[in-house]
Amino acid sequence: MGGKSEQWRAGCGVIQHDSVTCERVTQLVQRLEHKGVCSTEAAWDLFLAADRLASMGLWLTAHMTYARQVYLDGRTMGPEDFKVVPEGHTGGALNIVPAYVGYLLANALSGTTRAWVMGQGHCVAAIDAVNVLTRNLEPEQDARYPLSDAGLSRLCQDFYSYEIGANGRPVAPLGSHVNVYTAGGISEGGYLGFAGLQYVHMPLPGQELVSFLSDGAFEEQRGSDWAARWWRGEDTGLVMPVMIANGRRIDQRTTMSQSGGVHWFREHLQLNGFEPIDIDGRDPAAFAWSILFMAERLQQQHEAIRAGRSQYPVLLPYAIAETIKGFGFPGAGTNAAHNLPLPGSAALDVASREAFNSGCAALHVAPELLRQAVQMLSTHAVQQRVLERDHCLRKLEVAAPVIPAPHDIAMGQGIAPMAAIDEWFAQFVQANPGLRVRVGNPDEMRSNRMNKTLDLLKHRVTSPEAGIAESLHGSVITALNEEAVISAALANKQGIGLAVSYEAFAVKMLGAMRQEVIFARHTLETGRALQWLSVPVLVSSHTWENGKNEQSHQDPTLCEAWLGEMADVAPVYFPFDGNSAVAVLASLYQQRGKVATVVAAKNVGPVYCTASQAQQAVRDGALVLSHDAGAQLQLLAIGSYQLSAVLQAAAELRAQHIACSVVAILEPGRFRLPRDEHEAAYVLSDDAIAALIPAVQRRVIVCHTHAEVMTGVLRRLDTGPAHTLVLGYRNRGGTLDVAGMQYANGQDTPRIVNAAQALLARKQE
């Protein structure tokens, strides 16, 4: 064994092992032998294999940026072998290689396939490169990129190829971020910071997750502020956060680096309930050791809590992997390393070409040694574990939930739609005790009428306050940070997720929501199924009822932006009463893979339809509330206050002997012009619209949003500017009540009547 351990200690090319890592690895090998998990001989073989794989991973990652041709024999490359215009975010990707190989090594040493999530933007080249070398691939990449000169050359040519198919989608099963073709990928990571906010809510007990974070992403969202407060071993698996601290952004040093570097960050972690662990960010062995150490340490802390020897919050282990940006390749440690570390195009510039060839020569591993390394790390069959592409968070198994029958609230009864949702959701949670719940809310549960839900689930805190709905094991994740709380709901893909927020501030959730639905939509486009339960985002205290809090609290931006996303994965609902609000939620939890914006009123209002009619409205996207024979005018309402004003306007018009039709539109996106085949299968056909909505030429649409937005969405219902008028939010607000908001924005009943009369007069002229 001394020979193999000494061989490993000698390093492999640029990968060297410092004294601390050597000591830690030696002790780890002894512990694995003692526990009967992995023999000493097998362990040293795995460490040697990881070094070789990491070195070739660096080699191939550099090729993906610069090369057109790949030669596994490592020959010197000429100008014709390079891309004229290289592209890539090389430095960060190079830093991920030893981290990801260390993750694979930890899995092989312990016989456990952990999940992983990566928060680094643009670093997917590292994952793709290592996955291709190890053949841990989704079918599309496996078929296209065999482990040969031709296969790897095609990989490099596909990377940033920009080739587009006749269907308008990229041809290559690659991307600049983690995507559906990335084996094991579950989140794009392109919008920085969300991995740090989400990882603590992802695994279930018995599962393990490695989260690759970065000092750049830390600036975007300081997720480290929250995780230690919320981790509970009773409902969450083992989480191992790893910060890759390379010290640089695009043009300058990171804020962390400028503030004092790793020393400053270590103190920051300690102040926020973490146990920082320093490791060498250049060494795959250091990553593997840290993953296994953190898992063991966290498990020990949870066992101490169960035995009564300790209490929450635990000191959550957190690895800080200090490195330099672009380690292992020329240009490392410079700002240029972020994108293109060489001074020019290797196809055109001799110095750049020489630097590439010399840099790659130091990384190259002979094909036979690479083959042996990959074979050594391929322990899945003998350990009876799944490939990393099939880890627990990639291949979800979520049982269909029990859906309580909605209570039929009597027509005419006064009830707040949010209160109706609250009562049903509490019943839903109680009917599904096997599904973990995460409700994300920025301290607005009672304000938004979610009292029963809060009393049932309680805020998750480390020290509950007497008389307050708080619990050590609460399921309501609360922080005055909309991005943090939406992340809790979205990350809980093996359970029930819900977010609740003021409409004006929910727009801050948009980045996390959008990243989620993009990944979901791409998944569906490849023919893969989505297994996670849909996540409703309830926005209340909304534009029309939050007048008293000034115009900063009056903002329909989130629902307007969401109407721009693909309706089949990002629906927007405007429930108009208690029954329709409950019907929307009950329907969503029977569906998979949607993130829905639900704009619901919190003030008491009348019930306009039966529970059965509400369910039909969900199926159709709208409900015809009344239709006079020979209707001269059709009034369409989108939103509860809009419907109230429309119904009053219809009564006044009918008193003037004007026959009317009244329609409540629940989901405007069902009426939009489809933008592709998936959305076409979701929206209503022309025949379905004709059968549902009575054909009345003159239409007044009164909507929750800006008129311009809804006009575009409802183009199929627009009979032309001479015959259709849309009344929406006009950016008028202030310290007003609901009636004042309606008046300020031209949606009060008298002006709806006046608009209708003017439209009729215009037609008659």
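The values are calculated or read from the model by the stated rules, or taken from the named source; none is laboratory data. Every value quoted in this text rests on a predicted model; they were computed, and no experiment measured them. Using ideal geometry, Cβ is built from the backbone for each residue, glycine included, and neighbour counts are taken over all protein chains shown.
The table below lists the values:
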item: Filtered residues of the stretch 698-739 (kept if over 22 Å from Leu653 (Cα atoms) and among the acidic types (Asp, Glu)); result: Glu708, Asp737
item: Index of the failed condition, Asp737 passing every other in (1) under 23 Å from Asp577 (Cα atoms); (2) acidic (Asp, Glu); (3) modelled with pLDDT of 95 or more; result: (3)
item: Verdict on Ala50 being under 22 Å from Gly11 (Cα atoms) and of a type in the set (A, V, I, L, M); result: yes
item: Hey, Gln757 in the same structural domain as Ile638 (by TED's automatic domain parsing) and surrounded by 19 or more Cβ atoms within 10 Å (Cβ to Cβ) or not; result: no
item: Yes/no for Ala42 being at pLDDT 95 or above, buried (at least 24 other Cβ atoms within 10 Å of the Cβ) and either in the same structural domain as Leu152 (by TED's automatic domain parsing) or within 29 Å of the chain's Cα centre (by Cα) (or both); result: no
item: Subset of the stretch 559-603 (residues that are surrounded by fewer than 24 Cβ atoms within 10 Å (Cβ to Cβ), acidic (Asp, Glu) and more than 19 Å from His706 (Cβ to Cβ)); result: Asp568
item: All positions within the stretch 497-519 that are out of contact with any Gly (no Cβ under 9 Å at 6 or more places or on another chain), of a type in the set (Phe, Trp, Tyr) and part of a helix (DSSP H, G or I); result: Phe505
item: Single match in Pro674, Pro668 (criterion: surrounded by fewer than 23 Cβ atoms within 10 Å (Cβ to Cβ), in contact with a Phe, Trp or Tyr (Cβ under 9 Å, 6 or more places away or on another chain) and closer than 25 Å to Gly593 by Cβ); result: Pro674
item: Which listed residue is over 19 Å from Arg232 (Cα atoms) and in contact with a Leu (Cβ under 6 Å, 6 or more places away or on another chain), from Ala295, Ala288; result: Ala288
item: Flag if Val101 is touching a Leu at 6+ places or on another chain (Cβ under 6 Å) and of a type outside the set (S, T, N, Q); result: yes
item: Any pair with Cβ under 9 angstrom, 6 or more apart, that starts in the stretch 513-538 at a residue that is under 14 Å from Glu565 (Cβ atoms) and ends at one that is at pLDDT below 95 and of a type in the set (Phe, Trp, Tyr); result: Arg514/Tyr191; Gln515/Tyr191; Gln515/Phe194; Glu516/Phe194
item: Verdict on Ala466 being over 14 Å from the mean Cα position of the chain (by Cα) and either polar (S, T, N, Q) or surrounded by fewer than 18 Cβ atoms within 10 Å (Cβ to Cβ) (or both); result: yes
item: Qualifying residue in the stretch 456-473 (condition: assigned to a loop (DSSP other than H, G, I, E, B), under 29 Å from His706 (Cα atoms) and either assigned by TED's automatic domain parsing to the domain that holds Pro205 or of a type in the set (S, T, N, Q) (or both)); result: no
item: Residues of the stretch 699-758 satisfying the condition of being among the aliphatic types (A, V, I, L, M) and without any contact (Cβ under 8 Å) to a residue 40 or more places away in the chain; result: Ala707, Leu725, Val726, Leu727, Ala739, Ala744, Ala758
item: From Ile291, Ile277, residue being assigned to a strand (DSSP E or B), of a type in the set (Val, Ile, Thr) and either surrounded by 18 or more Cβ atoms within 10 Å (Cβ to Cβ) or not assigned by TED's automatic domain parsing to the domain that holds Gln120 (or both); result: Ile277
item: Scan of the stretch 561-592 for residues that are closer than 18 Å to Leu714 by Cβ, touching a Phe, Trp or Tyr at 6+ places or on another chain (Cβ under 9 Å) and among the acidic types (Asp, Glu), ordered by number; result: Asp568
item: Candidate set: the stretch 1-34, residues that are more than 25 Å from Thr323 (Cα to Cα) and not acidic (Asp, Glu); chosen: the one modelled with the lowest pLDDT; result: Met1
item: Those residues of the stretch 199-218 which are of a type outside the set (Phe, Trp, Tyr) and modelled with pLDDT under 95, in sequence order; result: Leu213, Ser214, Asp215, Gly216, Ala217
item: Residue count for the stretch 227-247, restricted to those that are surrounded by 23 or more Cβ atoms within 10 Å (Cβ to Cβ) and either more than 29 Å from Asn107 (Cβ to Cβ) or modelled with pLDDT under 90 (or both); result: 2
item: Helices (runs of 4 or more DSSP H) wholly inside the stretch 305-416 that include at least 3 residues being of a type in the set (S, T, N, Q); result: 350-361
item: Every residue from the stretch 115-137 that is more than 30 Å from Phe218 (Cβ to Cβ) and among the charged types (D, E, K, R); result: Arg135
item: From the options Thr705, Thr711, residue that is hydroxyl-bearing (Ser, Thr, Tyr) and part of a loop (DSSP other than H, G, I, E, B); result: Thr705
item: Tabulated pairs, the stretch 206-226, first in the same structural domain as Gly261 (by TED's automatic domain parsing) and β-branched (Val, Ile, Thr), second part of a helix (DSSP H, G or I) and modelled with pLDDT of 85 or more, C-beta under 7 angstrom, 6+ apart or interchain; result: Val210/Tyr103; Val210/Ile291
item: Residues of the stretch 112-132 satisfying the condition of being surrounded by fewer than 24 Cβ atoms within 10 Å (Cβ to Cβ) and either more than 23 Å from the chain's Cα centre (by Cα) or modelled with pLDDT under 95 (or both); result: Thr112, Gly121, His122, Val132
item: The stretch 588-603 residues that are under 17 Å from Gly578 (Cα atoms), paired with ones that are among the basic types (Lys, Arg) (beta carbon under 7 Å, 6 or more apart); result: Leu588/Lys594; Lys602/Arg449
item: Every residue from the stretch 650-662 that is over 19 Å from Ile693 (Cα atoms) and in contact with a helix residue (DSSP H, G or I) (Cβ under 7 Å, 6 or more places away or on another chain); result: Glu652, Leu653
item: Residue among Gly184, Gly151 that alone is at pLDDT 95 or above and on the phi > 0 side of the Ramachandran plot; result: Gly184
